[in-house]
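Contents: one structure, followed by commentary.
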Amino acid sequence: MLARTIGRTVVEMIQGDITTVKADAVVNAANSALAGGGGVDGAIHRAGGPDILAECRRLGGCATGDAKPTSAGRLPARWVIHTVGPVYNPLRAEESARLLGSAYRRSIEVADQLGARSVAFPAISCGVYGYPLADAADVVWETLAQTLPGHPNIEKVLLVQFNMHAYDAYEAAAPTE
Ligand code: APR
């Protein structure tokens, strides 16, 4: 396990299934329709149950780079924060980076507004949406460094990687201790 302190927040990285992680808020890699899907989205809806999708249907979608909360259904969490990462576009890499950073920043802002003390993130956009792991990892660590100092009530952020490739890429990009 990797751990870094950023501001007043301990950022830990683990390998595992985010639906089993105990955190106040679990971030979902959703689509802009909030319609459910595969990957993390599918896992969260399968494990959390139908209440989550029923709430999603009342949210009117979510813009790329934004984040919206629902309850967590049967998950060991209080909230699911649905965020929409960008579909990676190599011809517009800066725009993709800006939108990915926004997805993490908005998720942290929403978690803080909810009163969450711990937030678990999957590797947003690094699956179906095709974001290269090393590039995404740089954006994520940079966004956490810029955002977390402004949210001292967030005591813990957990980066939950589903496989070793992602874990290794995010470890390589982590700030030096
Ligand atoms: N726990 C943690 N991480 C997971 C899990 C899980 N249970 N399942 C998949 N992952 C990882 C993937 O390996 C990838 O690294 O989450 C990362 C994000 O992959 P996706 O779930 O494909 O999300 P994303 O790339 O953001 O694409 C979102 O996929 O499922 C649809 O509805 C979703 O349209 C949206 C799109």
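Would you kindly derive the ³J(HN,Hα) couplings of segment 2-18 from the backbone phi angles with the Karplus curve 6.51 cos²θ - 1.76 cosθ + 1.60 (θ = phi - 60°), listing them in order in whole Hz, with x for Gly and Pro?
Running phi through 6.51 cos²θ - 1.76 cosθ + 1.60 with θ = phi - 60° gives 9, 9, 9, 9, 10, x, 9, 10, 8, 9, 10, 10, 10, 9, x, 9, 4 Hz.
Over the chain, what is the relative contact order in whole percent, taking alpha-carbon pairs under 8 Å and six or more residues apart?
Relative contact order for the chain comes out at 31 percent.
Starting from the Cα of Arg98, step 7 Å along the direction of its Cβ; do the same at Gln113; then give the gap between the two resulting points in nm.
About 2.2 nm separates the two model spin labels.
Have a look at Leu158, Met13, Ser107 and report the one farthest towards the positive end of the charge dipole of the chain, computed about the Cα centre with Cβ charges (Lys/Arg +1, Asp/Glu -1).
Ser107
³J(HN,Hα) across segment 134-149 via Karplus (A = 6.51, B = -1.76, C = 1.60, θ = phi - 60°), whole Hz, x for Gly/Pro?
Once rounded to whole Hz, the list reads 5, 5, 5, 4, 4, 4, 5, 5, 5, 5, 5, 5, 7, 9, 4, x.
Taking the Cβ of each residue in Lys68, Lys156 as the centre, tally the other Cβ atoms inside 10 Å and list the residues starting with the fewest.
Lys156, Lys68
Compute from the Cα atoms of the chain the Rg and the Dmax, the latter being the longest Cα-Cα distance, and quote both in angstrom.
14.5, 43
Explain nothing, just the number: dipole magnitude of segment 1-56 about its Cα centre with +1 on each Lys and Arg Cβ and -1 on each Asp and Glu Cβ, in debye rounded to the nearest 20.
Rounded to the nearest 20 debye, it is 220 debye.
Would you mind working out the magnitude of the charge dipole of the chain relative to its Cα centre, with +1 at each Lys and Arg C-beta and -1 at each Asp and Glu C-beta, to the nearest 20 Debye?
Computed about the Cα centre, the dipole is about 560 debye.
Summing +1 for each Lys or Arg and -1 for each Asp or Glu, what net charge is found among the other residues whose Cβ lies under 15 Å from the Cβ of Asp168?
-3
If you look at just the Cα atoms of segment 85-177, how large are its Rg and its Dmax in Å?
Rg and Dmax of segment 85-177, Cα atoms, are 12.9, 38 Å.
Taking H as built 1.01 Å from N, whose amide H comes closer than 5 Å to the amide H of His82, not counting residues under 5 places away?
Amide H neighbours of His82, under 5 Å, 5+ apart: Asn28, Lys68, Thr70.
Report, in cubic angstrom per residue, the convex hull volume of the C-alpha atoms of segment 15-97.
97
Can you give the calculated 222 nm mean residue ellipticity of the chain, where each DSSP H run of n ≥ 4 adds -39,500 (n - 2.57) and the sum is split over every residue, rounded to the nearest 500 deg cm²/dmol?
On the way: 5 runs with 65 residues, N = 177.
It comes out at -11500 deg cm²/dmol, rounded to the nearest 500.
Using amide H atoms built in the peptide plane, which far-off residues or other-chain residues are under 5 Å from Val11 H to H?
The answer is Arg4, Thr5, Ile6, Val157.
Taken together, the values in this text are just the output of simple stated rules run on the coordinates, not laboratory data. Fair warning: this is a prediction, and the values are worked out from it, not measured in the lab. Please note: Cβ atoms are built from the backbone with ideal geometry, for glycine as well, and neighbour counts cover all protein chains shown.
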